[in-house]
Structure formats: C-alpha cells, structure tokens
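The values are calculated or read from the model by the stated rules, or taken from the named source; none is laboratory data. What you are looking at is a predicted structure, and each value in this text was computed from that prediction instead of being measured. In this analysis, Cβ positions are derived from the backbone assuming ideal geometry, glycine residues included, and neighbour counts consider all displayed protein chains. Areas reflect the complete protein model, heavy atoms only, side chains present, ligands, DNA and RNA absent. Shrake-Rupley method; radii C 1.70, N 1.55, O 1.52, S 1.80 Å.
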Amino acid sequence: MLDLRRLLVLRSVVTSGSVSAAAASLGYTPSAISQQIAALEKEAGTALLERAGRGVRPTEAGRLLTGYAETLSRTAAEAERSLADLREGRTGRVAVRYFGSAGAALMAPTLALMRRDHPGIRVELAVSDPHDPLPQVKAGRADLALVVAPQEPSYVPAGVRLVPLLEDPYRLVLPPEHRLAGRRTIALAELADEPWVSGERSADPCLALVLTACAAAGFTPDFAVQSGDYAAALGFVTAGLGVALIPAMALRGDRTDVVVREIRGPAPVRSICAALRETSSPPASLCALLDALAQTAASAGGG
C-alpha cells in the first residue's frame, strides 16, 4: 500500500519543481525528502521523478500519483472542515423520541429554534409512549427522549440521566353544563362520585399520577371511559360522559367545548424531562438541541 504522507511529499516536489524547494516548504532537509521519494518509488515499483535541468519533473507514473495526491489533499481538507463543523455544532444528527402531548407544546417550537439557529443539524423525530423510550436511549437507538419522570427513580436504567425541563400541572376538564362548572377552583374530593374519563392507557405513568392524587383525596375514580388519548378524552367529556384530569400542556389554546378549572387537594403535576445517555462529552449537536428545549420549556411554563 502506498504511504499517504509520501504521496503528499511527491506532490510538493512536483509542484515546486525541485527537492530543495519542497524541503523548504515542508520544513524537512533535502536529504529527508529524497529518502521519502526513494521509499515511495520502491513502493510504486517504478521511477516517479526525473532530472530536468537543475530541478526535477514527474514521470508518467509520477504525474498519475500526483493527481491522486491532489485528490487526497482536498479530501483531507474537506474531512477537517466537516469534523470542525460537527465538533462546533454546525452540523450533526440527533434522534429524538417524544410523546404526543409534548409535540405541539415543546417539539414544534424547539424545531423552529433549531432551524433558525442550527440549520445544519438534522433532528429525526419519532413518537413514542412517555415511558417507552428509556431503553432506546440506553441502547443508543435514540439520542434524546422526552419523558414523564417516573414516580419510582429505579425505573430509570443505569447509564441514563433525566434533565428536568418543566412542571406540567393537571387541570380538571368538565362538560359546560356540569354542576361545578361555575367554580374557579375545585377540590379533588368533590369529584369522588363522578363518572371519570381517562386520557391515559393502563401502563402510562401519567395515569399513576392521577390515581395517586385521587387516593390522597380519599377515593378511587370510577372510569366510565378509558380512551388512551387526550384528544379523545376531551371528546368524551364534551359529550357529557364524565370528568377528566388532563395535563395543561395537552390543553393549549382556547376551548369552548369544555370547561377547564384548576384543581386542589391535591393537584397532580407531571415533570417533563429530557432523557440522555450519561457521557462526559455529549455531541455539540445534542447540546444545541437540549439548549433549545430548555428555552422552549422556559417559555411554555406549566400552562
């Protein structure tokens, strides 16, 4: 295999037209340059330079290899520029997992920030359940995941850390004609005998937050409908089939089809976090995305 450094020495000699000029350019002695050329000719199995007056000129084989040396030099320079862009966060790729209600409130404005400030970074999005992506982050199939912090810290696998982004309080959602609709704040215990609509699936950590709050208020909710989706849950509440506790982040925008009220005694709150692999030197592209998420979370607040 031809030595790449010797090819670049040959290129310098051919460009300058003499061994001494190439030596001065590269900071070597003429003897060292001659040794490099001799070693390259031995590797190539043919002469690469010939005398031309006081200088040298390439043989046909020398011209051939000089052309490849030019290509290698350009490729090396491009590689250095690409590496610098990646290192400085001007380019890169980040694979992200997020759950549905975080899409409009967090991911959409975050992507807008990234496109404005870091257009060379590609963010690859995929929707997942709030509790599913932690193994993907640990295994490296996702670089970052938006998750609801689990009530049991032991659920977070070793090698994964959670970065808090925002606190998302739950709101009580009622049909417009409900007997409590005229109140600004409602005690959770007052809903003990109501039919309930669940917006979560049974394994969802968000459902555990609702059940824990209701237990603290002294009752277990009687779910008339389990929808597994906040948008669907709002439809069932609108139809008068029950009441629901829904995170404020899933209730963005003005609504006229339901009544939204604050809840007390207790008021459940879910903690939205970014899950990342533990590493001493995260890629600059990932740091840029995390900074953009933090900016968006600071603006979003808890609703």
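Among the conditions (1) within 30 Å of Ser154 (Cβ to Cβ); (2) open to solvent by 20 Å² or more (accessible area, probe 1.4 Å), the only one that Phe99 does not satisfy is (2).
Cβ-Cβ distances below 8 Å connect the following pairs, each with a first residue in region 74-94 that is over 10 Å from His118 (Cβ atoms) and open to solvent by 70 Å² or more (accessible area, probe 1.4 Å), a second residue that is in a helix (DSSP H, G or I) and not charged (D, E, K, R), and a separation of six or more residues or different chains: Leu86/Ala284; Leu86/Ser285; Arg87/Ala284; Glu88/Ala284; Arg93/Ser285. Mind checking which residues of region 161-189 are among the β-branched types (Val, Ile, Thr) and under 17 Å from Asp254 (Cα atoms)? Within region 161-189, just Val173 meets the criteria. Scanning region 213-233 for residues that are open to solvent by less than 70 Å² (accessible area, probe 1.4 Å), on the phi < 0 side of the Ramachandran plot and either of a type in the set (S, T, N, Q) or over 28 Å from the mean Cα position of the chain (by Cα) (or both) yields a count of 12. Give the residues of region 86-101 that are touching a helix residue (DSSP H, G or I) at 6+ places or on another chain (Cβ under 6 Å), over 10 Å from Pro283 (Cα atoms) and part of a loop (DSSP other than H, G, I, E, B), sorted by residue number. The answer is Thr91, Ser101.
Here is a yes/no grid of residues against (1) open to solvent by less than 30 Å² (accessible area, probe 1.4 Å); (2) under 24 Å from Thr296 (Cα atoms); (3) at pLDDT 95 or above:
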{"residue": "Leu144", "(1), (2), (3)": "yes, yes, yes"}
{"residue": "Val147", "(1), (2), (3)": "yes, yes, no"}
{"residue": "Gly159", "(1), (2), (3)": "no, no, no"}
{"residue": "Ile186", "(1), (2), (3)": "yes, no, yes"}
{"residue": "Ala203", "(1), (2), (3)": "no, no, no"}
{"residue": "Val210", "(1), (2), (3)": "yes, no, no"}
{"residue": "Gly235", "(1), (2), (3)": "no, no, no"}
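The set of residues in region 188-201 that are assigned to a loop (DSSP other than H, G, I, E, B) and buried (at least 20 other Cβ atoms within 10 Å of the Cβ) comprises Gly199, Glu200. Among the residues making up region 107-142, those that are surrounded by fewer than 18 Cβ atoms within 10 Å (Cβ to Cβ) and assigned to a strand (DSSP E or B) are Arg122, Glu124, Leu125, Ala126, Val127. Figure legend. Inter-residue proximity from region 233-262: first residues closer than 20 Å to Ala213 by Cα, second residues assigned to a strand (DSSP E or B) and polar (S, T, N, Q), beta-carbon distance below 8 Å, spacing 6+ or different chains. Indicated pairs: Ala233/Ser198; Ala244/Ser198; Arg261/Thr185; Glu262/Thr185. Comparison of Ala47, Ala38 shows that the only residue that is open to solvent by less than 60 Å² (accessible area, probe 1.4 Å) and either part of a loop (DSSP other than H, G, I, E, B) or in contact (Cβ under 8 Å) with a residue 60 or more places away in the chain (or both) is Ala47. Of all residues in region 208-232, those that are within 15 Å of Arg171 (Cβ to Cβ) and among the hydroxyl-bearing types (Ser, Thr, Tyr) total 1. Of the residues making up region 259-291, those that are among the small types (Gly, Ala, Ser), surrounded by fewer than 20 Cβ atoms within 10 Å (Cβ to Cβ) and closer than 26 Å to Pro247 by Cβ number 3.
The set of residues in region 134-171 being within 17 Å of the chain's Cα centre (by Cα) and polar (S, T, N, Q) consists of Gln136 alone. Taking region 162-184 as the range and being touching a Lys or Arg at 6+ places or on another chain (Cβ under 8 Å) and open to solvent by 50 Å² or more (accessible area, probe 1.4 Å) as the test, the residues that pass are Glu167, Arg183, Arg184. The residue that is surrounded by the most Cβ atoms within 10 Å (Cβ to Cβ), counting only those in region 64-73 that are touching a Leu at 6+ places or on another chain (Cβ under 9 Å) and more than 14 Å from Glu43 (Cβ to Cβ), is Thr66. When residues in region 52-85 are screened for being at pLDDT 90 or above, in contact with a helix residue (DSSP H, G or I) (Cβ under 9 Å, 6 or more places away or on another chain) and outside any helix (DSSP H, G or I), 3 of them pass.
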